[in-house]
1. Translational diffusion coefficient, Stokes-Einstein: compute it for region 370-440 using the Kirkwood radius over C-alpha pairs as Rh, at 20 °C and 1.002 mPa s, and state it as an integer in µm² s⁻¹.
2. Rounded to the nearest 500 deg cm²/dmol, what is the calculated helix-only ellipticity per residue at 222 nm for the chain, with -39500 (n - 2.57) per DSSP H run of length n ≥ 4?
3. Given the convex hull of the Cα atoms of region 239-360, what is a quarter of its surface area in nm²?
4. What relative contact order, as a whole-number percentage, does the chain give when Cα pairs under 8 Å and 6 or more residues apart are counted?
5. What FRET efficiency, computed as 1/(1 + (r/R0)^6) with R0 = 25 Å and r the Cβ-Cβ distance, is obtained for Ser73 and Thr101, rounded to the nearest 0.05?
6. When the expected Rg is taken as 2.2 N^0.38 Å, what fraction or multiple of it is the alpha-carbon Rg of region 230-295?
7. Where only protein heavy atoms count, and the probe is 1.4 Å, what is the accessible area per residue for the chain in Å²?
8. Any chance you could tell me what percent of the C-alpha pair distances in region 105-237 go past 25 Å?
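The values are calculated or read from the model by the stated rules, or taken from the named source; none is laboratory data. None of the values given here were measured: they were computed from a predicted structure. Glycine also receives a Cβ, built like all others from the backbone with ideal geometry; neighbour counts cover every protein chain displayed. Protein only, heavy atoms only, side chains kept; ligands, DNA and RNA dropped before computing areas. Shrake-Rupley method; radii C 1.70, N 1.55, O 1.52, S 1.80 Å.
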Amino acid sequence: MGLTQLRDDTSVKISEQLSEYVSAFTDQLNAAHNAASAVPAPTALNGKATDLTLAEAATGFTGTTNLVVTNSSGVIQRRVELNMTAGTWTAYNAAGAAVGTGGYAAATFDTDITTAMGGYGTVSFANGQLSVAAAQTAPGSAGNGISVVEPDTGASTKNGRSFSHYFGLNDLITSSGHTQYDTGLTSTSNHGFTAGDTIRFDLREANGSILAKVDFQIPAGTQMSDLLTALNSTTTGVGSYGQFALSSEGELQFTGYGTPSNKLSVLSDQTSRLNAGGASFTEFFGVGGTPATRIGNFSVSDRISNNLYNLSMAQVDLSAPAGELALVSGDGSGALLMSKIGDASYNFNKAGYSGVGLSSLSRYASDLAGQIGTLASSAEKRRDSAEALSNEATARRSSVEGVNLDEELVNLTTFQQAYNASSRVIQTAKDMYDILLGLV
């Protein structure tokens with residue numbers, strides 16, 4: 001019973017908590033790295049695969065961010081300020097003067113902002129991945145680099161992440177799969193999956209007893225509301241065992257019925273979002289235990305592991321006078337940001353023995369270590385108790401069916417002496433009988 005509980009419950013919950021912590025740590029580290037720049041700035045920044053359309057990805061931002069082109073010395077050549085609340089841009093030249101304004105639409109964000117760059121850079125979006133690059137030819141120049149710079153106040157944000165962080169333009173830690181599941185989709189968004197594609201769900205009670213295996217088909221309706229209706233149906237989905245819901249951040253969550261609640265996992269998934277190479281339903285939404293396995297996909301960015309000078313250790317100074325260095329070698333402000341992530345607050349998801357709530361990375365790690373220690377101590381006590389019970393049972397059984405050599409030796413000696421005495425009595429009786437016969 002103890003080993004089964006350890007395998008099926010305790011270790012699973014600790015694994016979930018560890019995955020949540022590592023994912024949060026990675027997310028905060030990437031947040032700090034995206035807020036800084038290497039020196040000199042890289043010629044291009046390539047984001048992560050979002051499995052979103054450009055319209056979906058560029059919608060929902062507020063605040064302001066800047067795309068900044070610097071030369072090989074660190075002097076600003078072009079700056080495009082994006083007001084993401086209003087959907088407008090303002091371009092500034094090397095002298096710091098405004099040279100153009102305009103608006104952009106989410107669906108044409110890449111071409112609109114490329115226009116704003118005025119030949120000094122480009123923005124592109126392909127297969128769910130955003131890229132920004134500094135032009136190496138006129139009006140740009142060989143050696144020019146690009147950075148995404150947030151202002152001190154009113155920085156851009158979507159689901160708690162800055163523009164660069166959301167798209168993963170300058171991530172230090174990368175992943176081959178999704179690690180955050182707040183997709184930004186709403187009930188009216190296109191769910192992006194092909195009608196008729198199938199998912200097999202496995203539903204179980206909290207104790208592991210099988211409830212059902214449900215073969216679910218993506219519905220003909222294209223909106224997220226259509227997908228939710230089909231998922232929660234008692235005939236086409238899992239509505240007899242729990243309900244799916246879409247959070248305000250676009251995270252799809254399953255809540256099982258019962259106390260403790262039913263559990264859902266995915267046995268197979270034949271879906272793909274937007275195209276044949278897109279993320280599956282399970283990967284995109286993190287459904288059915290996927291979050292607990294995501295840490296196996298993490299690795300240091302190849303761009304950085306192949307050249308440590310690409311580490312973002314500095315920050316672009318937007319207040320630098322025109323013609324002066326805005327990106328300086330030896331500036332360690334970016335490194336300082338990374339050193340402080342342990343004290344920053346993070347909104348952790350429910351995982352294992354831990355509930356939803358704000359905590360610092362340091363505090364969460366400390367609580368997790370203490371929890372593991374408590375569980376280990378409890379397991380050790382249960383082991384000792386089980387061993388004592390086993391020893392007592394063994395002793396009682398031995399007392400009933402076992403052989404006590406000392407006792408048997410005493411009995412053997414007693415029986416031997418009794419035999420000898422009986423033998424002498426018989427011999428005496430024989431002698432007396434012989435005597436009597438002789439008298440006759």
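1. Values: Rh = 17.9 Å.
In µm²/s, the coefficient rounds to 120.
2. Details: 11 runs with 146 residues, N = 440.
The helix-only estimate for the chain comes to -10500 deg cm²/dmol at 222 nm.
3. Numbers: hull surface 51.8 nm².
Dividing the Cα hull surface by four gives the mean projection, 13.0 nm².
4. Rounded, it is 19 percent for the chain.
5. Values: r = 28 Å, r/R0 = 1.13.
The pair Ser73/Thr101 has a calculated efficiency of 0.35.
6. Working: Rg = 12.7 Å, N = 66, 2.2 N^0.38 = 10.8 Å.
Normalised by 2.2 N^0.38 Å, the Cα Rg of region 230-295 equals 1.17.
7. On the way: 22900 Å² over 440 residues.
For the chain, the solvent-accessible area averages 52 Å² per residue.
8. Details: 4452 of 8778 pairs.
Tail of P(r) above 25 Å: 51 percent of Cα pairs.
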